[in-house]
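*Asks:* Sharing a structure with you now.
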Amino acid sequence: MIRTLTFALALTSLPCLAVAQDAPPAQQARIAAALTEDVVEIRSDFAGAPLTIFGAAEGLQDGDDIVVAVRGPERDLRVMKKERVLGIWVNSAPVRFESVASYYAVASTRPLSDFAGFAALRRNGIGMTHLPLRAPDEERTETLLGVPDVVVSDLGAEIVDYRQAIVRNKTRQSLYVEADSGVERLEGGLFIARLFLPSETPVGDYTIEVYLFRDGAPIASRETQLQVAKAGMERVLYDLAHDRPILYGLLALIMAALSGWLAAVVTRNR
Amino acid sequence: MQIYLPIAEISLNLYLLLGLGLGVGFLSGLLGVGGGFLMTPILIFLGIPPAVAVSTQANQIMASSVSGALAHWRRKSLDVKMGTVLIIGGMVGSVLGVQIFGYLQSLGQIDLVISLCYVGFLGVIGSLMLVESVNAIRRRMNGNPPPKRKRRKRRLIDALPFKTRFPVSGLYMSVIPPLAIGFLVGLLAALMGVGGGFVMVPAMIYILCMPTSVVIGTSLFQILFVTAVTTFLQAAQNQTVDIVLAAILIVGGVVGAQFGVKAGAKVKGEELRAGLALLVVAVCLKLAWDLAATPNDLYVLIEAGGAP
């Protein structure tokens, strides 16, 4: 713990690492973050893993807030609505959402709505209600109330139901998380965020954004990367299955035949 | 103890999976069914993607049927010629089934079709078997002799061409009915992740009129080859066979199957069939209920790979 904290402190003293994006020069607020591990390895005993993010904010004042947002690799998603046909529930009305974050967790010092403005959250896509969930196939532009090129959905208000369904489903799988008090402030501008990657965590590249909020808007931000990857035996098998599917198929056959034969032989001699 | 499955991309309890394999393997040996019709819905219920559950099941059933078929081979309760004809039909069915599976998956309807297939097949076969076996048990309890088998009338089946002799079963019949039955079972293997024993065993008894003594061995023999083809195709084409999950289920399954074969020798045929029928009907009712009951969430998310 002490070692990691000193590590986090050391980071802040490196000027090139802590560049505030939106900060006016006068305020001199900076924020930095580091992970205990840059790579989360999925091995055969993987049952989810805690994700701890350490950071330091320079020029942190009372009343400031810190937000940590973790985004998983983007995937395309088809959302279907079940409808009753002849007494049974059938998937219908598919809507294709593109580039949906497969994992999304946001941790903050206080509930987002207590300190952050709508525009700031929407612009940066922070929080479940502001997460960009787009279905380009259903979109068109039209002029509304004299404003040209407003993007509207062909589904009208129904698109909201679909968006909520994505968030609801992902939340149920613990893949979308909003932790109101997931960021803990320590002394001297240091903070620590604790999140959890469930066992269904998809593999790929993750981005972690850290924001320092003051007066409802981010005054400093910083981005770092995390990789979730299969390792060891899991990696070997996964690669084999996708790169040499024929060999993998034969392997599956041989394994089944051998084990079946072995069992028959063993029980016969008993 | 949790174990992470590389293709299913989910971690599950190792002992739960071992126990499942053991229980289903026991039924496989006892009743001559692969047990896939129980295992596949359970695996899906545990959160394994349906595509992975179905494909991996084929691999597991293959191992169980190797050990089961070997046991029957030693007891000479296996009709190799009939089995071979069934296998030829089965392979064609399996190849077609894997294609249909991939197509339905791209439509997002695979879960529904799997469930509907289960409800339909299990419902019809389960209730027929139940009625038949209960009648048989009642007759025995009343002390009535089983009704004499009358000389069969010339049926439609007997009119079909390509007749051949099946010495082990003591039959002289056309190869078309066993080919058709094999085809159907191969299709089911690929679509439903079942060995198809629950269709084939009754079909062999009631349609092909094979002697009950060779039915189970022969069905295991056929299932062995059809599931082998299905496993290979699913692995090569859809990359949905989880070898770790299969290995765990197999360890439990092969042990269970050996006990099942031994237990099967001690139980009367009618009771066995009645037990199987009850199980089949129960699974059918559960699945039918799930189809008709209002789901907790009206929306489902389906991972869309690649181009639309």
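*Asks:* If you take the residues of the range B:191-220 that are surrounded by 24 or more Cβ atoms within 10 Å (Cβ to Cβ) and among the hydroxyl-bearing types (Ser, Thr, Tyr), which of them is nearest to B:LEU43 (Cα to Cα)?
*Replies:* Once the filter is applied, the top-ranked residue is B:SER219.
The rows are residues; the columns are (1) farther than 29 Å from B:SER11 by Cβ; (2) of a type outside the set (D, E, K, R).
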site: A:VAL151; (1), (2): yes, yes
site: A:VAL160; (1), (2): yes, yes
site: A:ALA179; (1), (2): no, yes
site: A:LEU186; (1), (2): yes, yes
site: A:SER199; (1), (2): no, yes
site: A:ARG214; (1), (2): yes, no
site: A:ALA220; (1), (2): yes, yes
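*Asks:* If A:GLN225 satisfies every condition in (1) in contact with a strand residue (DSSP E or B) (Cβ under 8 Å, 6 or more places away or on another chain); (2) within 10 Å of chain B (Cβ to nearest Cβ) but one, which is the exception?
*Replies:* Answer for A:GLN225: the failing condition is (2).
*Asks:* Here's another thing I want to ask about it. If you check A:TYR238, A:TYR206, which single one turns out to be of a type in the set (Phe, Trp, Tyr) and part of a helix (DSSP H, G or I)?
*Replies:* A:TYR238
*Asks:* Do you know which residues across the range A:31-58 are among the charged types (D, E, K, R) and not in a strand (DSSP E or B)?
*Replies:* Of everything in the range A:31-58, those that are among the charged types (D, E, K, R) and not in a strand (DSSP E or B) turn out to be A:GLU37, A:ASP38, A:ARG43, A:ASP45.
*Asks:* Looking at (1) touching a Ser or Thr at 6+ places or on another chain (Cβ under 8 Å); (2) more than 9 Å from chain A (Cβ to nearest Cβ); (3) within 21 Å of B:ALA63 (Cβ to Cβ); (4) not small (Gly, Ala, Ser), find the lone condition where B:VAL281 falls short.
*Replies:* Tallying (1) touching a Ser or Thr at 6+ places or on another chain (Cβ under 8 Å); (2) more than 9 Å from chain A (Cβ to nearest Cβ); (3) within 21 Å of B:ALA63 (Cβ to Cβ); (4) not small (Gly, Ala, Ser), B:VAL281 fails exactly one: (3).
*Asks:* Mind checking which helices (runs of 4 or more DSSP H) fall wholly inside the range A:80-176 and carry at least 3 residues that are more than 14 Å from chain B (Cβ to nearest Cβ) and farther than 25 Å from B:GLU303 by Cα?
*Replies:* So the answer is A:112-115, A:118-124.
*Asks:* Identify, please: which residue in the range A:76-93 is surrounded by 17 or more Cβ atoms within 10 Å (Cβ to Cβ) and out of contact with any helix residue (DSSP H, G or I) (no Cβ under 6 Å at 6 or more places or on another chain) and is, among those, farthest from B:TRP289 (Cα to Cα)?
*Replies:* A:LEU77
*Asks:* So is B:MET173 modelled with pLDDT of 80 or more, under 24 Å from the mean Cα position of the chain (by Cα) and of a type in the set (A, V, I, L, M) or not?
*Replies:* Answer is no for this residue.
*Asks:* Considering only residues that are closer than 30 Å to A:ARG244 by Cα, assigned to a helix (DSSP H, G or I) and touching a strand residue (DSSP E or B) at 6+ places or on another chain (Cβ under 8 Å), which ones fall in the range B:239-291?
*Replies:* B:VAL244, B:LEU245, B:ILE248
*Asks:* Take B:LYS81 and decide whether it is more than 9 Å from chain A (Cβ to nearest Cβ), touching a strand residue (DSSP E or B) at 6+ places or on another chain (Cβ under 6 Å) and surrounded by fewer than 24 Cβ atoms within 10 Å (Cβ to Cβ).
*Replies:* yes
*Asks:* Now, a different point. Give me the residue from the range B:89-111 that is among the hydroxyl-bearing types (Ser, Thr, Tyr) and within 14 Å of chain A (Cβ to nearest Cβ) and, out of that set, farthest from the chain's Cα centre (by Cα).
*Replies:* B:SER106
The values are calculated or read from the model by the stated rules, or taken from the named source; none is laboratory data. The shown structure was predicted, so the numbers you read here are calculated from the model rather than taken from an experiment. Note: ideal-geometry Cβ built from the backbone for every residue, glycine included; neighbour counts use all protein chains shown.
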